[in-house]
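To start, the structure under review is shown below, and the notes come after it.
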Amino acid sequence: MALRVHSGAVEPLREGPTPPSAQVVVVGGGVMGLAAADELARAGADVLLLERDRLGRGSSAKPFGGVRGTFSDPGNIALGLRGLERYAALHEAVPGGIGLARVGYLFCARTHGQALAVEASTALQRSMGAEVDVVSPARAAELNPHLDPSALVAASFSPRDGYAEPGRVVAAWAASAAERGARVVEGAEVTGVEVHDDGAGARVTAVRYRAGGPGGPECEVRCEHLVVATGAWSARVGALAGVDLPVEPVRRQIAFADAPGGARGSVGAGGRPLPFTLDLSTTFYVHGSPDGLLLGISDPAQAPGFGRDYDDSWVAAFDAAAAEVAPGLVGLPLRRGWAGLYENTPDHNALIGASREVAGLVYATGFSGHGFLQAPAVGEVVRDLVLGREPLVDVAPFSAERFAPRSAAPLLQEVHII
Ligand SMILES: Cc1cc2nc3c(=O)[nH]c(=O)nc-3n(C[C@H](O)[C@H](O)[C@H](O)COP(=O)(O)OP(=O)(O)OC[C@H]3O[C@@H](n4cnc5c(N)ncnc54)[C@H](O)[C@@H]3O)c2cc1C
């Protein structure tokens, strides 16, 4: 009988602010962990969620999160479309809503190769039930008058996509999970995972955590299942159980600006709010919001790392891209900015699955910039993986094992990555 403890064992263990055991321990109180905790609690599971900080203080702290079914990979489309459906229902169910605004998504293709890829993915999305069309450069510039149509070859427009407010979603799921009996503990940093191997294979048996923030006592909770939903910090938490989760943190920054031309600069064709507009060549994006235009880009010069301080280093890349596609947006004075972490995997697609090395461990991480929109569906998938049910999508392509050194599994190819 072997016991592996993947942390420095700190003795004696103290009784923590949680009961001594839970059927499922979820680590991470962002949108992903909360969606999973809520779904599991609804299904009657005994759930404990441990968050080292306050809920929603990780990448899920973004002011507005885009929600879309616009992808090229069938698994991503299915997760995105299910996410839209669930967010629409949540928006109706929660008093005051979750700030869901269906302003549409406009993906701009600037090469013939991109246009062909957008045509193919649009056809696939439509076959899966999405409302989306390929539109001409002239139509794209009606929908978003900041665009220079001469810079585009084509675009796709999906009017049912849009954005919602992650902060409201976090609050709604936390309340719902707690109402259904889940225990949610803030200030509880997971520092170790106990994995027991009795000869039949390794299995999660307990989780260690530091209660009450840095310097607090080490505590332990026994469990049958562990859900790793720790976003950009997932490689560290996976390593506590000896499971390789190749997630790399990369700072991403966004900021609000007043639209040039005032209120007129926030609307497009027929007085519609500006759609969430993205350029496939540069990852430049802009959308309207009640707080003004939200601008961003995945700055290629940004080095990986956990730093989350906001600065204006990304603005040069944004302005260079804007000069190509939307010249009127170059040099806009920015009002309020925010920095967060993308939790990137090597192929910029999610890691979702049940570990084959350590029974009982389920992971949902590495969303590489599209975790907010996938969270409602991934919450359901995690519930099903934990409870041994058939999930809504085949998660085999999302397995972390695709990155194992001798893996023959293909990497995911996704066109609509920003
Ligand atoms: C600028 C920017 C723009 C984005 N735009 C979009 C968008 O438009 N649409 C979209 O879908 N997505 C978007 N994203 C991505 C999206 O925000 C993330 O994919 C999503 O929030 C990930 O949620 P999560 O719950 O997995 O991670 P997080 O929200 O980061 O939650 C992980 C939690 O785990 C906790 N944790 C870490 N280690 C431990 C530990 N040892 N013990 C206990 N707790 C721990 C952290 O404190 C954190 O709260 C954007 C991200 C950024 C940065």
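Summary of computed values
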{"read-out": "Among residues of segment 227-237, those that are among the aliphatic types (A, V, I, L, M) and under 16 Å from Gly379 (Cβ atoms), counted", "value": "3"}
{"read-out": "Strands (runs of 3 or more DSSP E) fully within segment 156-258 counting 1 or more residues that are away from the ligand (no atom under 12 Å from the Cβ), modelled with pLDDT under 95 and more than 30 Å from Pro63 (Cβ to Cβ)", "value": "188-197, 218-228"}
{"read-out": "Leading residue by the ranking (farthest from the ligand (Cβ to nearest atom)) among those in segment 55-78 that are out of contact with any Phe, Trp or Tyr (no Cβ under 8 Å at 6 or more places or on another chain) and of a type outside the set (Gly, Ala, Ser)", "value": "Pro74"}
{"read-out": "Residues satisfying the stated conditions in segment 296-342, i.e. of a type in the set (A, V, I, L, M, F, W, C) and touching a Lys or Arg at 6+ places or on another chain (Cβ under 9 Å)", "value": "Ile297, Ala303, Phe306, Trp314, Val325, Trp338, Ala339, Leu341"}
{"read-out": "Residue in segment 94-112 that is aliphatic (A, V, I, L, M), buried (at least 19 other Cβ atoms within 10 Å of the Cβ) and away from the ligand (no atom under 16 Å from the Cβ) present", "value": "yes"}
{"read-out": "Candidate set: segment 366-413, residues that are among the basic types (Lys, Arg) and in a helix (DSSP H, G or I); chosen: the one nearest to the ligand (Cβ to nearest atom)", "value": "Arg383"}
{"read-out": "Count of residues meeting criterion [within 10 Å of the ligand (Cβ to nearest atom), more than 23 Å from Arg102 (Cβ to Cβ) and surrounded by 22 or more Cβ atoms within 10 Å (Cβ to Cβ)] in segment 35-54", "value": "5"}
{"read-out": "Segment 12-34, subset of a type in the set (Gly, Ala, Ser) and either more than 23 Å from Ala232 (Cβ to Cβ) or modelled with pLDDT under 95 (or both), residue surrounded by the most Cβ atoms within 10 Å (Cβ to Cβ)", "value": "Ala22"}
{"read-out": "Residue within segment 325-344 that is within 15 Å of the ligand (Cβ to nearest atom), out of contact with any helix residue (DSSP H, G or I) (no Cβ under 7 Å at 6 or more places or on another chain) and among the aromatic types (Phe, Trp, Tyr) present", "value": "yes"}
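The values are calculated or read from the model by the stated rules, or taken from the named source; none is laboratory data. Computed from a predicted structure; not experimentally measured. In this analysis, Cβ positions are derived from the backbone assuming ideal geometry, glycine residues included, and neighbour counts consider all displayed protein chains.
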